[in-house]
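**Q** Once you've had a glance at the structure underneath, I'll fire off some questions.
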Amino acid sequence: VQLQASGGGLVQPGGSLRLSCAASGRVSSINVMGWYQQSPGKQRELVATITRSGNTNYADSVKGRFTISRDTAKNTVYLQMNSLKPEDTAVYYCKAGTYYQNVYWGQGTLVTVSS
């Protein structure tokens, strides 16, 4: 499985961004995908996940502001980020987990929230 993340950039506080993560390869083996964030000096943390059946899970810090969704035809997962705050600044990584307990990471995409 290969993951290609995109969509990061610079945005002002209160603004929005949409991240995309396109999966390729053995996509039929993927049972969950998600986004994680890593700020300087911090560990990588869960932002949101979505299962093959469509169940979602969010970190408390992003509930009500971020939405994870998927387009199964395009094998792509999205993270719509609204009402962005400076503390959302981080490198965002896409992750895929498979039915065989394999884990794959995409390259990170930098999100900077600053005025």
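**Q** Any idea how many residues of region 82-115 are in a loop (DSSP other than H, G, I, E, B) and surrounded by fewer than 15 Cβ atoms within 10 Å (Cβ to Cβ)?
**A** Initially, region 82-115 is screened for residues in a loop (DSSP other than H, G, I, E, B), giving 82-85, 89, 99-102, 106-108, 114-115.
Among the residues that remain, those that are also surrounded by fewer than 15 Cβ atoms within 10 Å (Cβ to Cβ) are: 82-83, 85, 99-102, 107, 114-115.
The total comes to 10.
Yes or no, residue by residue, for (1) under 16 Å from G9 (Cβ atoms); (2) in contact with a Leu (Cβ under 9 Å, 6 or more places away or on another chain); (3) part of a loop (DSSP other than H, G, I, E, B); (4) of a type outside the set (D, E):
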{"position": "Q43", "(1), (2), (3), (4)": "no, no, yes, yes"}
{"position": "A48", "(1), (2), (3), (4)": "no, yes, no, yes"}
{"position": "S61", "(1), (2), (3), (4)": "no, no, yes, yes"}
{"position": "Y78", "(1), (2), (3), (4)": "yes, yes, no, yes"}
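**Q** On the given criteria, is Y36 among the aromatic types (F, W, Y), open to solvent by less than 60 Å² (accessible area, probe 1.4 Å) and either in contact with an Asp or Glu (Cβ under 7 Å, 6 or more places away or on another chain) or assigned to a loop (DSSP other than H, G, I, E, B) (or both)?
**A** Numbers: among the aromatic types (F, W, Y): yes; open to solvent by less than 60 Å² (accessible area, probe 1.4 Å): yes; either in contact with an Asp or Glu (Cβ under 7 Å, 6 or more places away or on another chain) or assigned to a loop (DSSP other than H, G, I, E, B) (or both): yes.
Yes, satisfied.
**Q** Looking at A48, A59, which one is surrounded by 15 or more Cβ atoms within 10 Å (Cβ to Cβ), among the hydrophobic types (A, V, I, L, M, F, W, C) and free of Cβ contacts under 8 Å to residues at least 24 places away in the same chain?
**A** Details: A48 fails: free of Cβ contacts under 8 Å to residues at least 24 places away in the same chain.
None of the others qualify; the one that does is A59.
**Q** Give the residue that is farthest from the chain's Cα centre (by Cα), with candidates limited to residues of region 62-81 that are in contact (Cβ under 8 Å) with a residue 24 or more places away in the chain and open to solvent by 70 Å² or more (accessible area, probe 1.4 Å).
**A** Only one residue fits best here, namely K74.
The values are calculated or read from the model by the stated rules, or taken from the named source; none is laboratory data. None of the values given here were measured: they were computed from a predicted structure. Backbone-built Cβ (ideal geometry, glycine too); neighbour counts: all protein chains shown. Just so you know, the surface numbers come from the protein's heavy atoms only, side chains and all, with ligands and any DNA or RNA stripped out. Shrake-Rupley method; radii C 1.70, N 1.55, O 1.52, S 1.80 Å.
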